[in-house]
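Written out below as C-alpha cells is the structure these notes cover.
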Amino acid sequence: MKNSSGTTDVVNKNISEVLGATFSEISAEKKKELNIESGVEVTDLQSGKLLRAGVKKGFIITHINREKVNTPKDIQDILKDTHGGVYLQGVYPDGNVAYYAFGLE
C-alpha cells in the first residue's frame, strides 16, 4: 500500500505504531541455542496490537502468517498488504514456544 506521495514511508511507520513494538535481529548463536532458523526479537513494547495480544518483551517472532521473519524489515514487508487476521509464531528466550493472533485493520 502506498501513500499519496507514492512511497510506503507513512504506511510502514503506521504498521510499527499499530504493533506498538520495536524489533532487533538476533544473532546466529541465539538462533542455534534456541534451535530456530529465523527470528526477530521484540525489544520494546508500547500500547499496540502485540501488547494487547499478550506478547511480552523478549519474544522472538519466527514466522508471521507462516512466512519466515529474519529482519525487522520482513515484518513490514509481510504486513504491508495484510488485512484481517495476523498469526505470529515464535519462541521466548527460555525456549517456550508461543503463538499469537490478532486482527490488523
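The values are calculated or read from the model by the stated rules, or taken from the named source; none is laboratory data. Keep in mind that this is a model prediction, so the values were computed, not measured. In this analysis, Cβ positions are derived from the backbone assuming ideal geometry, glycine residues included, and neighbour counts consider all displayed protein chains.
Residues in the range 72-92 that are at pLDDT 95 or above and in a loop (DSSP other than H, G, I, E, B): 92 alone.
Residues that are within 19 Å of residue 26 (Cα to Cα), over 9 Å from the mean Cα position of the chain (by Cα) and of a type outside the set (Ser, Thr, Tyr) within the range 79-105 comprise 89, 90, 91, 93, 94, 95, 96, 97, 98, listed in sequence order. Residues of the range 70-81 that are loosely packed, with under 15 Cβ neighbours inside 10 Å and either over 25 Å from residue 32 (Cβ atoms) or touching a residue at least 60 places away in the same chain (Cβ under 8 Å) (or both): 80, 81.
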